[in-house]
């Protein structure tokens, strides 16, 4: 009897310890550090990271805590790729085309000139194979990548002088990243990439002659219109998707439920940013029309657009020849856009044409 009692007590103690250990494990707090390209308190883009971190903390009941370092702290606005890859940071928030010099194929996951609109691009990411392609690429660099917020259609940029022909682009110094920068170089301009916090100063000091940033949602507060009054409509970034990057080792350390919470928080914050950006552009566009009549809204001449489309086509062929993966992504995007655009034309475009026709 004594032996049986002792055995039962031992079993009870083991079970109790197991329950205690389980409870302790369940309450373990996981802490991640995120580096973002944006300056401190940068609206819309910076809001996306804050919203994501807040949602992750709330949904996990405080078990997942994410701290955010802006570029003011880490001092490497365009170095997010390397910092997350190396494990210096667990996460990052930036735009893939900022590191096309390191891995050219990454730029396809931000935006492509003459490409998909935001709804079309989201369809490609989540239903058309885009996420799988992005995962294949980033996994080579010890990272996962997730859509991190869309600006929608961006404006074509601020110019100090009017663009009347392709000759006006010869030697023009312009801040413009991604594939669009390569197109500008192809037609004779001199593109460069400058972090967001340095754009106004570069324009003011004539380091650059023109720049593109986002659109009314963020451009108006930057004051570009005080220096460059010509504001051109877009063609180069019809749907600019930012990216959340996650170091693979950091991801694998998270329990399955926290991985899913983080995934949902990133996806929700990304869509929230798209809504926020669209709303802010609507509000600021109304302000531009009312308070800044000297801003001259222009569309690039047909001759300029034709030259840029030709350069775009040539560059796509060159990129595909250099990288089978680039060709695979190009083919995937082209096939999906063909299918999605047919519906866009018969739905949104047909609706807008019918209700605005005179």
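Every number here is computed from the coordinates shown, using simple stated rules; none is lab data. Everything quoted here is computed from the prediction, not taken from an experiment. Positions of Cβ are backbone-derived with ideal geometry, glycine not excepted, and every protein chain shown enters the neighbour counts.
Legend: Rg and Dmax of the range 140-216, from Cα coordinates, 14.3, 46 Å. Counting only DSSP H runs of at least 4 residues, each contributing -39500 (n - 2.57), and dividing by the residue count of the chain, the helix-based mean residue ellipticity at 222 nm comes to -16000 deg cm²/dmol.
Given the Cα atoms of the range 239-319, and with Rh set as the inverse mean 1/r over their pairs in the Kirkwood sense, what is Rg to Rh to two decimals?
Working: Rg = 20.8 Å, Rh = 17.4 Å.
Rounded to two decimals, Rg/Rh equals 1.19.
Enumerate the residues in the range 115-129 having an amide nitrogen under 14 Å from the point lying 7 Å beyond the Cα of residue 315 toward its Cβ. Residues 115 qualify, since their backbone N sits under 14 Å from the label point. What is the list of residues in the range 314-342 whose amide nitrogen lies under 17 Å from a point 7 angstrom out from the Cα of residue 185, following Cα to Cβ? Only 314-323 pass the distance filter. Label sites at residue 29 and residue 253, each approximated as a point 7 angstrom past Cα along Cα to Cβ, lie 1.5 nm apart.
Size estimate for the range 52-107 follows the Kirkwood approach: the inverse of mean 1/r over distinct Cα pairs works out to 12.7 Å. Distance from the C-alpha centroid of the range 318-358 to that of the range 230-292: 21 Å, rounded to the whole angstrom. Legend: Rg and Dmax of the range 182-289, from Cα coordinates, 18.3, 52 Å.
Full extension of the chain between residue 294 and residue 275 gives 4.0 nm of extra length, using 0.36 nm per residue less the Cα-Cα distance. Just check the range 266-309 against the gyration tensor rule for me: Cα atoms, a ≥ b ≥ c as the square roots of the eigenvalues, rounded for a/c under 1.5, and otherwise prolate or oblate depending on whether a/b exceeds b/c. Taking the square roots of the gyration eigenvalues as a ≥ b ≥ c, the range 266-309 is oblate.
Over all Cα atoms in the range 85-228, the spread is summed up by Rg and Dmax: 16.5, 48 Å.
Principal-axis analysis of the Cα atoms of the chain puts helix 45-59 at an angle of about 20° to the longest axis. Normalised Debye scattering of the chain at q = 0.07, 0.11, 0.13 Å⁻¹ gives log10 I(q)/I(0) of -0.35, -0.78, -1.06, counting only Cα atoms as equal scatterers and leaving out solvent. Shape of the range 31-129 from its Cα gyration tensor (a ≥ b ≥ c, root eigenvalues): rounded if a/c is under 1.5, otherwise prolate when a/b > b/c, or oblate? Here the range 31-129 falls in the oblate category.
Using a cutoff of 8 angstrom between alpha carbon atoms and counting only pairs six or more residues apart, the relative contact order for the range 131-270 works out to 41 percent. Of the peptides 99-105, 88-94, 208-214, the order by per-residue mean of other Cβ atoms within 10 Å, starting with the highest, comes out as 88-94, 208-214, 99-105. Helix 118-127 versus the longest principal axis of the chain: what angle, 0 to 90°, nearest 10, using Cα atoms? Between helix and principal axis, roughly 40 degrees. Helix 302-322: angle to the longest alpha-carbon principal axis of the chain, degrees 0 to 90, nearest 10? Approximately 40 degrees, to the nearest 10.
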